[in-house]
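The values are calculated or read from the model by the stated rules, or taken from the named source; none is laboratory data. All of these numbers come straight from a predicted model, not from anything done at the bench. Glycine also receives a Cβ, built like all others from the backbone with ideal geometry; neighbour counts cover every protein chain displayed.
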């Protein structure tokens with residue numbers, strides 16, 4: 001075999017050997033990279049590549065360095081999360097993070113100790129758990145958004161709790177979540193109740209004194225005239241009768257006022273029976289038909305769920321709806337619409353809306369206070385009595401909105 005041929009063969013062998021070695025080397029590199037990536041993806045960091053072999057020393061050293069940097073970064077992130085978690089545990093505001101993704105909608109990703117203490121729960125893994133605390137509370141968790149703050153009342157071991165609920169949405173690992181903040185406003189509510197009682201006492205005092213003062217003054221005057229022996233033969237019997245009639249009339253007004261107060265504080269227990277909501281609204285429409293017609297208004301009813309059955313005192317509830325309809329007509333409404341539905345929590349919601357004059361911001365805080373009224377001939381007990389009837393039915397009556405477009409009262413039956 002001549003020299004040129006031998007050289008060519010050796011060169012060919014060398015090239016093939018280099019290609020094979022290169023392929024083997026790259027394959028080993030890819031295997032190590034895949035191994036490291038799989039380990040990091042599984043959060044497994046207990047690995048180390050040998051730096052003894054000459055051929056892989058530099059590459060293995062680079063991989064180990066990447067591993068060290070990754071592990072250091074992971075520890076720093078873990079320490080930051082631990083720090084932020086500690087901060088969230090120290091705040092008095094309850095924090096609950098709820099998953100909004102389709103597959104895990106309603107699952108609780110995180111809840112701090114303040115939230116659990118406030119809700120009276122040991123753990124919270126899903127929003128539907130709140131149903132055991134209060135259906136209204138669960139409903140508020142679903143409804144709350146960055147544009148709509150909610151309030152809720154419920155009971156736990158601490159007693160009656162009032163919370164304000166606010167929320168904002170964010171992305172967590174590519175998934176939408178709702179971050180809900182809970183603040184205990186029980187103290188504020190108690191303060192408001194005290195203010196309500198003070199307002200009530202002020203109104204009662206005003207009404208009673210307005211009636212009693214003229215009676216006392218007139219009685220004193222008449223007593224002096226009758227008791228004056230020098231004028232006993234000159235008594236003006238017409239004036240005396242007029243004075244006595246005035247006293248009788250004022251006394252009747254005072255008795256009427258007391259009876260009105262009694263009716264507010266002694267609402268009879270509801271006699272409950274099952275009936276369809278449509279039947280109740282038909283009855284209300286019949287009772288208010290003449291008033292609605294005289295006002296040139298229209299009365300509408302929409303049932304968003306089929307055959308809504310209610311277990312309640314039909315007469316008491318008709319009194320509530322009639323009062324709301326009459327209030328709407330007195331506010332100049334030309335359209336009154338009642339909407340009924342069963343929500344996702346299987347509770348019945350009935351909205352009574354009208355396009356009359358809106359309730360002022362100041363009055364919105366007072367309308368449920370007994371004897372508060374903005375009408376000259378109003379008694380101021382209609383809404384107070386209606387709310388008390390709803391409470392006896394384990395329900396709520398609230399003012400949902402009142403603006404230039406619409407005023408809506410919401411009745412919620414649990």
Starting from segment 110-127, take each residue that is free of Cβ contacts under 8 Å to residues at least 40 places away in the same chain and assigned by TED's automatic domain parsing to the domain that holds residue 98 and list its partners that are surrounded by 14 or more Cβ atoms within 10 Å (Cβ to Cβ) and part of a helix (DSSP H, G or I), counting only C-beta distances under 6 angstrom and pairs at least six apart or across chains.
112/88; 127/141
The residue from 175, 149, 102 that alone is touching a residue at least 60 places away in the same chain (Cβ under 8 Å) and surrounded by fewer than 17 Cβ atoms within 10 Å (Cβ to Cβ) is 175
Condition met for residue 75 (in the same structural domain as residue 166 (by TED's automatic domain parsing), at pLDDT 70 or above and under 53 Å from the mean Cα position of the chain (by Cα)):
no
Going by the structure shown, is residue 78 assigned to a helix (DSSP H, G or I), out of contact with any strand residue (DSSP E or B) (no Cβ under 9 Å at 6 or more places or on another chain) and exposed (fewer than 13 other Cβ atoms within 10 Å of the Cβ)?
yes
